[in-house]
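Computed from the coordinates by the stated procedures, all read-outs in this text should not be read as laboratory data. Not measured: the values here are computed from a predicted model. Methodologically, a virtual Cβ is constructed for each residue, glycine included, from the backbone with ideal geometry; neighbour enumeration extends over all protein chains shown.
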Amino acid sequence: MKLHFKAPFIFVSIILFITSIQSYAHALKETTARVILRDGQIEIHLQADIQQWQKRLQDHQAWLMGDIKTVMPANLNRKQTTHYFIQQLIEKTKLKVNNQDISVKVTAFEQKNSSGHHFSNIVLMAKHTQSSVEQLSIGFPKTLGDIHANFVQPKYRVIKSGKIRTLAFKHAHKSEINIKKLNSHHNNTPTNTLSHHISAHTPDQIHTH
């Protein structure tokens, strides 16, 4: 009788383990962005599969459809390829703070290989003169595909020596946030965090409070 109950348990455990591996592998293939709203600047931490991005940039069909203006040359060396990616990001990343256009620059571009994927950790920076961020509009190069983005607005507080400070976190109401498919949630750290799926077609707007 013990073997009768044990075998199904082992079988189910194997299925769950395989499913979790497949889910993790799927997540690795997605382009992600972490957007951090700091005083006077916006930080964007991108993680993208560079190999897939390059295939889209060199797709002649995409050029015929008007998705890209020019086809990326095929004979570029590593340094030239990185420069091409950086120029794409600088030219086609659209960012507005309180309806004011903000230019971005790339401060880091680190390539690495992981489980057959050619991921790059990319950091973009943008400075602004707004005293507070009430609205953020953001869009990335269409060739990056859909992006799963996480928006963070840190809250800075001083914790006095030996004292305890209590922070309250509130849910953001959908009527206050002018974006589609928004999924707001509590966070155990002193930040306001929004998770959002950004379409490859149009920039999104985020209202912050």
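Taken along the Cα-to-beta-carbon direction at a fixed 7 Å, the label points for Asn77 and Glu30 span 3.8 nm. Note on Asp39/Glu110: beta-carbon distance plugged into 1/(1 + (r/R0)^6) with R0 of 22 Å gives a FRET efficiency of 0.25. When the trypsin sites (Lys or Arg not before Pro) in region 39-90 are filtered for DSSP coil states and for at most 10 other beta-carbon atoms within 10 Å of their beta-carbon, the remaining sites are Lys69.
Taking 30 Å as the cut-off for C-alpha to C-alpha distance, list the pairs among Lys94/Lys160; Lys96/Lys155; Lys96/Lys163; Lys55/Lys127; Lys94/Lys155; Lys69/Lys155 that go past it. Working shown, then result.
Numbers: Lys94/Lys160 40 Å; Lys96/Lys155 21 Å; Lys96/Lys163 39 Å; Lys55/Lys127 32 Å; Lys94/Lys155 25 Å; Lys69/Lys155 41 Å.
In this structure, Lys94/Lys160; Lys96/Lys163; Lys55/Lys127; Lys69/Lys155 lie more than 30 Å apart at Cα.
With the highest mean first, a sort of the peptides 120-126, 161-167 on other beta-carbon atoms found within 10 angstrom per residue produces 120-126, 161-167.
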